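The values are calculated or read from the model by the stated rules, or taken from the named source; none is laboratory data. Just so you know, these numbers come straight off a predicted model, no measurement behind them. Please note: Cβ atoms are built from the backbone with ideal geometry, for glycine as well, and neighbour counts cover all protein chains shown. Quick note on the areas: whole protein, heavy atoms, side chains included, nothing else; ligands and nucleic acids left out. Shrake-Rupley method; radii C 1.70, N 1.55, O 1.52, S 1.80 Å.
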Protein chains: 2
Amino acid sequence: MADQAQPILTRIQQKNRDLILEGALTVFSESGFRGATVDQIARAAGLSKPNVLYYFGSKDDIHKTLLTTLLDMWLAPMVRIDPAGEPLDEVLGYVRAKLEMSRRFPRESRLFAYEILQGAPHLTEILGGSLRGIVDTAAATLQGWMDQGRLTPMDPRHLIFSIWALTQHYADFDVQIRAVLGPGHDAFDEAERFLENLYRKLLEA
Amino acid sequence: MADQAQPILTRIQQKNRDLILEGALTVFSESGFRGATVDQIARAAGLSKPNVLYYFGSKDDIHKTLLTTLLDMWLAPMVRIDPAGEPLDEVLGYVRAKLEMSRRFPRESRLFAYEILQGAPHLTEILGGSLRGIVDTAAATLQGWMDQGRLTPMDPRHLIFSIWALTQHYADFDVQIRAVLGPGHDAFDEAERFLENLYRKLLEA
DNA sequence: GTCTATATTTAGATAGAC
DNA sequence: GTCTATCTAAATATAGAC
């Protein structure tokens with residue numbers, strides 16, 4: 001009986017934790033850490049404030065959990081760059097995947113943007129650790145292709161930075177883009193074509 | 001006598017207002033609007049908290065003043081694009097100027113980044129108004145050059161977005177860039193060369 | 001596990017002496 | 001104009017009933 005009760009509760013717990021993280025993602029991505037309140041998170045999650053703090057000990061706790069949980073997903077497209085693949089396809093595929101992340105997960109993009117802007121208090125060791133390692137690996141792959149003459153030579157890390165900047169910009173600065181373009185534009189559709197052309201021109205050896 | 005007293009006081013007023021705005025720029029750019037406190041601003045300005053609120057009625061007031069004061073300076077390089085100039089030089093000059101702004105004025109860059117991320121509550125009418133107008137003008141100039149075959153044809157507004165994204169990224173995501181590059185790198189020097197090459201390749205007709 | 005009520009802290013803003 | 005002291009509101013977190 002006790003064996004049965006535990007999983008049932010755990011399932012509820014899991015669901016409530018998910019509700020909280022989902023609501024918190026919305027709120028944090030709109031207002032940043034300091035701008036967000038536990039009250040807003042609770043409302044977004046459909047729970048009471050004390051109940052939210054029953055599942056997570058503190059607002060800080062929720063935030064840290066979100067960041068670390070989502071980081072892997074956020075970096076996944078870079079890890080998938082295949083050294084055995086066709087260089088141009090691989091890079092263009094990465095650009096496309098990253099832009100698609102901005103389109104589908106703008107909240108995650110803004111969550112990270114706030115965190116980095118603030119000096120990455122919760123991610124400092126990760127930035128200089130695993131992130132740096134992942135970038136080094138990808139940069140080495142790119143450098144290898146350049147050395148083989150299969151890709152226009154350039155600084156591979158700044159090439160990666162450029163992809164981050166150009167794709168995340170469409171999520172993070174969405175308000176500005178929409179204001180400048182005016183109605184009747186799908187910024188992401190336009191960006192997809194623009195970036196495809198940009199990187200094709202840039203990278204063709 | 002009264003005629004003399006007024007300017008002297010005004011000079012002090014001006015100096016204190018400047019001190020406050022200078023301190024506030026530092027604090028807001030580090031923590032965002034909600035993360036910043038009037039206390040921190042006062043300390044950064046070397047004044048007492050009530051004194052800060054004597055010169056500016058509210059924290060919100062300081063923030064709005066900063067944004068509107070700095071916006072012109074921030075957009076100046078785009079306005080300077082000269083339709084009578086040499087297309088490639090003009091665009092490369094704009095890129096260089098914008099990157100130089102990121103290097104010299106990272107606080108301003110982050111101030112705007114926070115504001116846009118948050119949905120630009122203080123800049124909404126400006127975004128859809130004068131900013132859009134300025135971009136439209138620059139885009140028309142670019143489009144004209146493209147029509148004349150003096151610049152590779154592409155969406156001129158997304159070309160502008162790309163310049164914003166690529167240059168501001170180095171100020172706004174500075175922590176991440178430094179963590180990934182490690183010590184011994186001058187990110188801005190490297191960026192200058194990288195972006196010069198990127199836009200040269202992209203734009204050569 | 002979930003709620004109401006509340007303690008506690010922080011921060012924006014003001015009063016009033018000097 | 002500038003300060004000390006203080007008011008007030010908001011927000012994090014907890015206590016304790018159910």
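Has the stretch A:28-36 got any residue that is open to solvent by 60 Å² or more (accessible area, probe 1.4 Å) and more than 14 Å from chain B (Cβ to nearest Cβ)?
For the stretch A:28-36, residues open to solvent by 60 Å² or more (accessible area, probe 1.4 Å) and more than 14 Å from chain B (Cβ to nearest Cβ): absent.
Whether any residue in the stretch A:187-204 is closer than 19 Å to B:V180 by Cβ and open to solvent by less than 10 Å² (accessible area, probe 1.4 Å) is what I want to check.
no
For the stretch A:106-118, check the following and say yes or no: at least one residue is hydrophobic (A, V, I, L, M, F, W, C) and in contact with a Pro (Cβ under 9 Å, 6 or more places away or on another chain).
No - not one qualifying residue is present in the stretch A:106-118.
Please tell me if A:L66 is more than 13 Å from DNA strand C (Cβ to nearest atom), buried (at least 17 other Cβ atoms within 10 Å of the Cβ) and in the same structural domain as A:I116 (by TED's automatic domain parsing).
yes
Which residue out of A:L159, A:L151, A:L123, A:L131 is within 14 Å of another protein chain (Cβ to nearest Cβ) and either open to solvent by 50 Å² or more (accessible area, probe 1.4 Å) or over 26 Å from A:E192 (Cβ atoms) (or both)?
Step by step, each of A:L159, A:L151, A:L123, A:L131 is checked, and only A:L123 is within 14 Å of another protein chain (Cβ to nearest Cβ) and either open to solvent by 50 Å² or more (accessible area, probe 1.4 Å) or over 26 Å from A:E192 (Cβ atoms) (or both).
Among the residues of the stretch A:169-186, which ones are part of a helix (DSSP H, G or I), open to solvent by less than 20 Å² (accessible area, probe 1.4 Å) and either touching a His at 6+ places or on another chain (Cβ under 7 Å) or of a type outside the set (A, V, I, L, M) (or both)?
A:H169, A:Y170, A:D172
Looking only at the stretch B:138-148, filter to residues that are without any contact (Cβ under 8 Å) to a residue 40 or more places away in the chain and over 19 Å from B:L198 (Cα atoms); which one of those is farthest from the other protein chains (Cβ to nearest Cβ)?
B:Q148
Based on this model, can you work out whether A:A165 counts as at positive phi and out of contact with any Ser or Thr (no Cβ under 6 Å at 6 or more places or on another chain)?
no
Of all residues being touching a residue at least 60 places away in the same chain (Cβ under 8 Å) and open to solvent by less than 40 Å² (accessible area, probe 1.4 Å) in the stretch A:89-105, which is nearest to A:G35 (Cα to Cα)? Just the residue, please.
Per the stated criteria, the residue is A:S102.
Give the stretch B:140-166 a look and list any residue that's over 19 Å from the mean Cα position of the chain (by Cα) and part of a helix (DSSP H, G or I), or say none.
Within the stretch B:140-166, B:A140, B:T141, B:L142, B:Q143, B:G144, B:W145, B:M146, B:D147, B:P156 qualify.
Under the condition of being facing chain B (nearest Cβ under 8 Å) and touching a residue at least 12 places away in the same chain (Cβ under 8 Å), which residue from the stretch A:171-194 is farthest from B:G129 (Cα to Cα)?
Result: A:A191.
Output the residues belonging to the stretch A:114-129 that are in a helix (DSSP H, G or I) and modelled with pLDDT of 95 or more.
Passing the criteria: A:Y114, A:E115, A:I116, A:L117.
Look through the stretch B:37-59, keep the residues that are within 11 Å of DNA strand C (Cβ to nearest atom), open to solvent by less than 60 Å² (accessible area, probe 1.4 Å) and closer than 25 Å to B:D172 by Cβ, and return whichever of them is nearest to the other protein chains (Cβ to nearest Cβ).
Here the answer is B:T37.
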